[in-house]
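Some notes on the structure that comes next.
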Amino acid sequence: MEAILLVGGRGTRLRPLTISTPKPLLPTAGVPFLAHQLARASAVGITRIVFATSYRAEMFEAAFGNEAYGVELCYVVERRPLGTGGAIRNAAQALNSDPGDPVLILNGDILSGHSIPDQVELHRKADAAVTLHLTEVDDPSRFGCVPTDGTGRVTAFLEKTNHPVTNRINAGSYVFRRDVIDTIPQGEVVSVERETFPGLIAAGKTIMGFVDPGYWLDVGTPAAFVRGSCDLVLGELTSPALPGEPGPFLALEDAHVSPRAVVTGGTIVGAGAVVEAGSTVSGSVIFDEAVVAKGAWIRNSVLGRGAKVASGAMLDGAILGDGAIVGPGNELGDGLRLWPGIELPPTAVRMSSDV
Ligand code: GTP
């Protein structure tokens, strides 16, 4: 079976991390995010994947080449981003599948433990045009919701509302019959969520909802990205691509973690990164070559490649771009983002107490 991976988005919510690296290639639990999806796709029998690329397109082929985890890979580039539907239609030109064959479509920013074989099985049994993975969330008002009838058939695609009729949302994994992809207009900007799916429902086509209660996370925001990486390291979601055994933290080769540092909560420490004695790091993502100096305190944060956090600095829910430097005594709270290469000097308070 073939698949299309949607990886052309700009990932603006994850800036500044996505300035240099597209979201699907950000290091996540020690490997590019997509490695987890590719390994999983391979494990469920996907043999060929077409990448629908746009933003920083060349980086995908450089990262994965023609084959990964035994799956054949090829790349289709959009000259301008065509939206999710336009991207699927554009990538379909590289598919080998026959018109009646099922094709799996995956958003390139979803971590999911749902059963893809069961989703495909429902699709075949129902002879559906499209079968969507639906996941149940606590607060559906933040998402568009997707109601189904008693047979599991999708009845509507509803926009975000404060009074959602169901807590089931579109989970970003679709099985399309190949010839249904061919009905999406070619070369135009199209959204599957706003145009393709509502259009198919209005035309009376069978769209099925596959509900699976397994692990699911959209890593599109900084907090979710950190959560996803930590969950993989902790083993909350099993990934064949995890470069080590699940545990409280994982350090890649050539990382140096002092035995006198406290590192927990699924933290990943990248290659060549250093975590010095007396520091505390919990639930965080430390990219390659980053440095946590002695006595620093870090929680739920991301340190970009080569970023440095000096002695006595504190980070809580902060994002440091590549090469950013946080001088001694600084405290960076929730949501604070430091752009690549920016250096925060020691704080006045700390400087005066240091003197
Ligand atoms: P934000 O800018 O932070 O919203 O992120 P995003 O650009 O990734 O958008 P979003 O999370 O809505 O995209 C969902 C998935 O579709 C991601 O895997 C994107 O890479 C992908 N995607 C979104 N728009 C396009 C597009 O125009 N072309 C292609 N090929 N993929 C897209």
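The values are calculated or read from the model by the stated rules, or taken from the named source; none is laboratory data. Remember, predicted model here, so these are calculated numbers, not experimental data. When we count neighbours, we look across all protein chains shown, and the Cβ atoms used for this are built from the backbone with ideal geometry, even at glycine. Heavy atoms of the whole protein, side chains included, go into the accessibility calculation; ligands, DNA and RNA do not. Shrake-Rupley method; radii C 1.70, N 1.55, O 1.52, S 1.80 Å.
Relative to the longest principal axis of the chain, what angle (0 to 90°, nearest 10) does the C-alpha long axis of helix 116-126 take?
Helix 116-126 sits roughly 20 degrees off the main axis of the chain.
Would you kindly calculate the translational diffusion coefficient of region 152-213, applying Stokes-Einstein with the Kirkwood radius from alpha carbon pairs, for 4 °C and a viscosity of 1.567 mPa s, and quote it in µm² s⁻¹ without decimals?
This corresponds to a translational diffusion coefficient of 99 µm²/s.
Please tell me the relative contact order of region 2-218 in percent, rounded to the nearest whole number, where contacts are Cα pairs under 8 Å and at least six residues apart.
24 percent
Just from the alpha-carbon atoms, what are the Rg and Dmax of region 215-319 in angstroms?
Every Cα atom of region 215-319 included, Rg and Dmax give 12.6, 37 Å.
Mind grabbing the accessible area of LYS160 for me, 1.4 Å probe, Å², rounded to tens?
Using a 1.4 Å probe on the heavy atoms, I get roughly 140 Å².
Can you tell me the Rg and the Dmax, both Å, for the Cα atoms in the chain?
That works out to 21.7, 75 Å for Rg and Dmax.
Hey, what does the equivalent ellipsoid look like for region 182-242, semi-axes from the Cα gyration tensor as sqrt of 5 times each eigenvalue, largest first, whole Å?
Details: eigenvalues 223, 50, 23 Å².
In descending order, the three semi-axes are 33, 16, 11 Å.
Expressed as a whole percent, how much of the Cα-Cα distance distribution for region 91-138 exceeds 16 Å?
Percentage above 16 Å: 48.
Return the tail of the calculated pair distribution for region 33-87, meaning the percent of Cα-Cα pairs more than 17 Å apart.
Considering region 33-87, 38 percent of its Cα-Cα pairs are separated by more than 17 Å.
For a quick protection proxy, order the peptides 242-255, 204-217, 315-328 by their average other-Cβ count within 10 Å, most packed first.
315-328, 204-217, 242-255
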